[in-house]
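See structure below.
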Amino acid sequence: MSIHILIIDDEQPIRESLSGILGDEGFIPHSAGSAEEGLQVLAEEEIHLVLLDIWMPGMDGLEALKLIKEQYDLPVIMISGHGTIETAVQATRIGAFDFIEKPLSYDKVIHSINKGLHVARLERENKLLRESGPTRPDITGESHVINSLREQIERVAPTDAWVLIRGGHGTGKELVAQTIHRKSNRNAHPMVEVNCAAIPEELIESELFGHVKGAFTGATEPKKGKFDQANGSTLFLDEIGDMSLKSQAKVLRILQEQKFERIGGARTINVDVRVLAATNKNLEEEMHKGNFREDLFYRLNVVPINVPALMDRREDIPLLVADFLQNFRKKGFGDKQLSNEALTTLMQHNWPGNVRELRNMIERLVIMSPKDIIADSDVALFLGKEVAPTEANTFPLQNIQHLPYKDARKAFEIEYLKAKLTENDGNISKTAEQVGMERSHLHKKLKTLGIDAAKIGEHSA
């Protein structure tokens, strides 16, 4: 990735000589003869470090330094022919990385630049590590559909292919996008997210492409758009199906060309952006109704990934519940557990809101249930129904909490699959469809667990 360095100095010979030196060292130099001009360049270009003179007509370097640190948080190296210890200390307090006096030693300038870029990279990496640390959620589950989802992510993440993530509300589409980005070659930069449903149509251009100062009423400062911010990284367009046709047309052009102009600007800006998009809508139906552009659909739908509904992966509910309880425990909500009967009731619920609804339910139970062991009656109360399980869908797991995790999981799988087979009179194909597994996978699982589907069918008959 090319490194762009901005030189802000009112002396043209210094700008020209620094530009030549930086170009010889492999950097891409930009120059400005005043602080005001430099701030405009920062608004339009992807700058990685600034060389800033202190004494200039108009806005001085210290005032410009404050604005640069507030708006861009870039490493800034101050240069001055009238430097004093007091000025250097003041610049350092504001946030300057280094202070170099004129006449400039070019070796010292290059050394300071390399050091500043190195420190900035370390700070960025530390920030990313904090964001992707233990508190960052991961995809939980061991069902066949979730393992298949993980395999798809592992294959597509290292590429630059665009991905269209589809699934219902609360299934975890954003989590899939975050995982793809985290495992990609662009993970040195944060993923930029845009909620297409939350941006009014009249503001979508400014949000995505940015604007120059004075472009419209209220544009008192230049602004970088989301595509600018995602340059070299990943742009996640969430709820793309809710974007208006007018906005779709504007987005399509930049997606195809990877270049755009800011509102009120005349300069074309090139970007390198990987796009991930997500929707809970049936885009084929939306295209048929005339609500979604076909060309945009085919541009985004390079690699389609479907996130399964919670109903299609019920066997993951105990693992999800365990994760949620652990997270709430870390937040100081208390050390609460669910009884086996309560867990069974959760597994029998349809969960139209998917994983998000389940998480909200567990948080509600943890907060509102008075006892450390959350009972079946508590779950029934918050689900708003009476629980009267039949023999066919009751799981006799009273002693599961005393088993090691591996054995407890096996015991649960045995009872769960036996109940499902009983419901379907031992029919493996129907059971596989109901639990969201391929028939061959279910057949192997039954064999591993020692379950005889034929006997269950005979007993049901």
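Computed across the stretch 4-130, the Kirkwood radius stands at 14.5 Å (inverse of mean 1/r, all Cα pairs). Recomputing mean projected area of the Cα convex hull in nm² from the coordinates shown identifies the correct label among (1) 23.3; (2) 18.8; (3) 28.7 as (3). Residue pairs exceeding 27 angstrom between C-alpha atoms, taken from Lys336/Lys447; Lys289/Lys430; Lys226/Lys281: Lys336/Lys447; Lys289/Lys430.
Between amide H atoms placed 1.01 Å from N, distances below 5 Å from Asn306 occur with Arg166, all of them 5 or more places distant or on a separate chain.
Within the stretch 294-335, report the trypsin sites (Lys or Arg not before Pro) that DSSP leaves as loop and that have at most 13 other Cβ atoms within 10 Å. Could the numbers behind the result be given before it?
On the way: sites: Arg299, Arg313, Arg314, Arg329, Lys330, Lys331; in loops: Lys331.
Qualifying residues, ordered by number: Lys331.
Remark: for residue pairs Lys330/Lys410; Lys420/Lys455; Lys223/Lys246; Lys331/Lys371; Lys173/Lys224, the C-alpha separation exceeds 24 Å in Lys330/Lys410; Lys173/Lys224. Computed from the Cβ-Cβ distance with R0 of 25 Å, the FRET efficiency linking Asn327 to Asn126 stands at 0.60. How big is the antiparallel share of DSSP beta bridges in the chain, given as a percent to the nearest 5? The antiparallel fraction comes to roughly 10 percent.
Sparse packing (at most 10 other Cβ atoms within 10 Å of the Cβ) combined with a DSSP loop state is found for the following trypsin sites (Lys or Arg not before Pro) in the stretch 248-286: Arg267.
Please list, or write none, the lysines whose alpha carbon is within less than 25 Å of the alpha carbon of Lys115, excluding same-chain residues fewer than 8 places away. Result set, ordered by chain and number: Lys66, Lys69, Lys102, Lys127. Our helix-only sum for the chain, with -39,500 (n - 2.57) per DSSP H run of n ≥ 4 divided by its residues, gives a mean residue ellipticity at 222 nm of -14500 deg cm²/dmol. Taking all Cα-Cα distances within the stretch 299-392, those exceeding 18 Å account for 47%. When exposed loop sites are taken as chymotrypsin sites (Phe, Trp or Tyr not before Pro) in a DSSP loop with at most 16 other Cβ atoms within 10 Å, the longest stretch of the chain clear of them is 73-215. Between the amide H of Ile7 and those of His30, Ser31, Ala32, Leu51, distances stay under 5 Å, these residues lying 5 or more places away or on another chain, with hydrogens modeled in the peptide plane. The value of relative contact order for the chain, using C-alpha pairs under 8 Å at least six residues apart, is 11 percent.
No lab work stands behind these numbers, since they all come straight from the coordinates. Remember, it's a predicted structure, so these values are computed and weren't measured experimentally. Every residue, glycine among them, receives a Cβ derived from its backbone with ideal geometry; neighbour counts consider all protein chains shown.
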